[in-house]
Amino acid sequence: MAFAFFRKRPMPLSPEAWESVKVFHAENRTIALVKHGKVLTSATNRRHYPGISETDWMAVQVFELFEDVREKAGAQDLDALGAGHRHILLMATLAANGTQEEFDSALSADRLGMAAHMRGLRDGWAWARSMPPPRALPGESPAAMLARFNRGLTLDKAYTRGREALISGRFTDNDTQLFLLPYAVQRVRALGAQSPCIWRNAPAFEDLHMPERDAVDLMYRTLCISDDVLDLMDEMLDEPPNGDVVMERIKMFHNAAMQLALTDSVTAELPTGFPGSVHDMTLTAFDTGFRLLDEAMVYYAARNGT
């Protein structure tokens with residue numbers, strides 16, 4: 001960030017105002033460096049930390065702004081900053097915590113052309129505070145969150161609960177991803193029979209044939225495996241006839257289901273046709289679930305001689 005020369009010497013901050021800036025900086029520093037057990041930066045891959053709130057990510061951004069100002073000013077700490085740079089930090093503090101009148105007053109005294117940036121910060125804080133809490137718990141990985149949403153049921157109860165959500169339309173709330181099990185079965189059946197895919201007509205658990213039941217069990221295990229998905233994949237490694245393919249499909253479905261679990265809701269219209277290429281990195285849980293079920297049915301039919 002480049003700073004222009006002052007057009008007018010800024011007024012020094014009152015001790016109370018400067019203390020509020022330092023308290024705000026300390027709070028943001030704790031969030032960025034301590035709170036989440038990892039140093040967070042604007043370059044951190046947020047997908048790996050779904051339990052971090054939008055307001056905490058804003059705190060990380062502002063902490064970096066404070067550090068950028070300090071470093072470019074050549075100051076060892078905030079107290080060594082001059083009046084101009086202190087005013088930048090005051091504007092950033094009021095962007096987060098000040099009244100509109102306080103914020104506007106600080107911007108009117110801006111001598112470094114930072115007003116537009118600070119208005120963006122204030123809008124960012126307002127947006128972050130309007131966001132719902134993260135679906136993940138603090139420190140929880142996406143895989144652990146996925147497992148928490150879905151595990152704890154027998155296979156027949158998990159399938160039945162997912163089928164009920166599919167039929168009623170409650171699956172759009174996305175409180176679990178169990179609807180993916182009967183949905184995949186119905187989609188595979190319809191495409192195999194070249195008939196319309198009416199996914200609300202998904203068969204009951206007792207009407208599944210054995211390869212379908214075994215494949216659904218593998219899908220459910222994938223939803224519930226948490227961070228140990230490699231162990232599940234290893235079970236399929238080098239197993240005939242297509243264990244290597246099933247192994248890849250497990251990983252693809254697990255990744256896509258994690259991303260689905262991070263969203264608040266699901267579209268009411270689910271795909272009904274053939275999914276895209278398996279090399280398509282944008283495949284959803286709907287498509288990767290289809291691919292996993294389809295390959296797993298081949299695998300279990302061969303193993304069971306059916």
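The values are calculated or read from the model by the stated rules, or taken from the named source; none is laboratory data. These numbers were taken from a predicted model, which means no experiment stands behind them. So basically every Cβ, Gly included, is an ideal-geometry build from the backbone, and we count neighbours across all protein chains shown. Note: accessible area is taken over every heavy atom of the protein model, side chains too, but ligands, DNA and RNA are not part of it. Shrake-Rupley method; radii C 1.70, N 1.55, O 1.52, S 1.80 Å.
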For the list (1) in contact (Cβ under 8 Å) with a residue 24 or more places away in the chain; (2) open to solvent by 70 Å² or more (accessible area, probe 1.4 Å); (3) closer than 18 Å to residue 122 by Cα, I need the number of the one condition that residue 48 fails.
(3)
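So is residue 190 part of a helix (DSSP H, G or I) and either touching a strand residue (DSSP E or B) at 6+ places or on another chain (Cβ under 8 Å) or crowded, with 22+ Cβ neighbours inside 10 Å (or both) or not?
Values: part of a helix (DSSP H, G or I): yes; either touching a strand residue (DSSP E or B) at 6+ places or on another chain (Cβ under 8 Å) or crowded, with 22+ Cβ neighbours inside 10 Å (or both): no.
Considered against the rule, which asks whether it is part of a helix (DSSP H, G or I) and either touching a strand residue (DSSP E or B) at 6+ places or on another chain (Cβ under 8 Å) or crowded, with 22+ Cβ neighbours inside 10 Å (or both), residue 190 comes out as no.
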Meets criteria (loosely packed, with under 12 Cβ neighbours inside 10 Å and modelled with pLDDT of 95 or more) for residue 62
no
Between 199, 127, which is out of contact with any Cys (no Cβ under 6 Å at 6 or more places or on another chain), farther than 30 Å from residue 87 by Cβ and of a type outside the set (Gly, Ala, Ser)?
199
I'd like the residue in segment 128-147 that is touching a residue at least 40 places away in the same chain (Cβ under 8 Å) and in a helix (DSSP H, G or I) and, out of all such residues, is surrounded by the most Cβ atoms within 10 Å (Cβ to Cβ).
146
In segment 100-120, is there at least one residue being out of contact with any Gly (no Cβ under 7 Å at 6 or more places or on another chain), in contact (Cβ under 8 Å) with a residue 60 or more places away in the chain and of a type outside the set (Gly, Ala, Ser)?
no
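Taking the condition surrounded by fewer than 18 Cβ atoms within 10 Å (Cβ to Cβ) and either modelled with pLDDT of 95 or more or within 20 Å of the chain's Cα centre (by Cα) (or both), does residue 265 pass?
Working: surrounded by fewer than 18 Cβ atoms within 10 Å (Cβ to Cβ): yes; either modelled with pLDDT of 95 or more or within 20 Å of the chain's Cα centre (by Cα) (or both): yes.
Yes, satisfied.
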Counting only residues that are without any contact (Cβ under 8 Å) to a residue 12 or more places away in the chain and closer than 27 Å to residue 192 by Cα, segment 214-236 contains a total of 1
Among the residues of segment 194-225, the number that are modelled with pLDDT under 95, part of a helix (DSSP H, G or I) and of a type in the set (Gly, Ala, Ser) is 0
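If you check residue 171 against the conditions, is it assigned to a helix (DSSP H, G or I), within 25 Å of residue 267 (Cα to Cα) and open to solvent by less than 30 Å² (accessible area, probe 1.4 Å)?
Values: assigned to a helix (DSSP H, G or I): yes; within 25 Å of residue 267 (Cα to Cα): yes; open to solvent by less than 30 Å² (accessible area, probe 1.4 Å): yes.
Criteria met by residue 171.
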Scanning segment 20-36 for residues that are closer than 30 Å to residue 148 by Cα and either within 18 Å of the chain's Cα centre (by Cα) or of a type in the set (Val, Ile, Thr) (or both), the one surrounded by the fewest Cβ atoms within 10 Å (Cβ to Cβ) turns out to be 34
What are the pairs with Cβ atoms under 8 angstrom where one residue, in segment 51-66, is under 15 Å from residue 36 (Cα atoms) and the other, located anywhere, is acidic (Asp, Glu) and in a helix (DSSP H, G or I)? Sequence gap at least six, or different chains.
59/27
When residues of segment 1-33 are limited to those that are closer than 17 Å to residue 80 by Cβ and part of a loop (DSSP other than H, G, I, E, B), the one modelled with the highest pLDDT
13
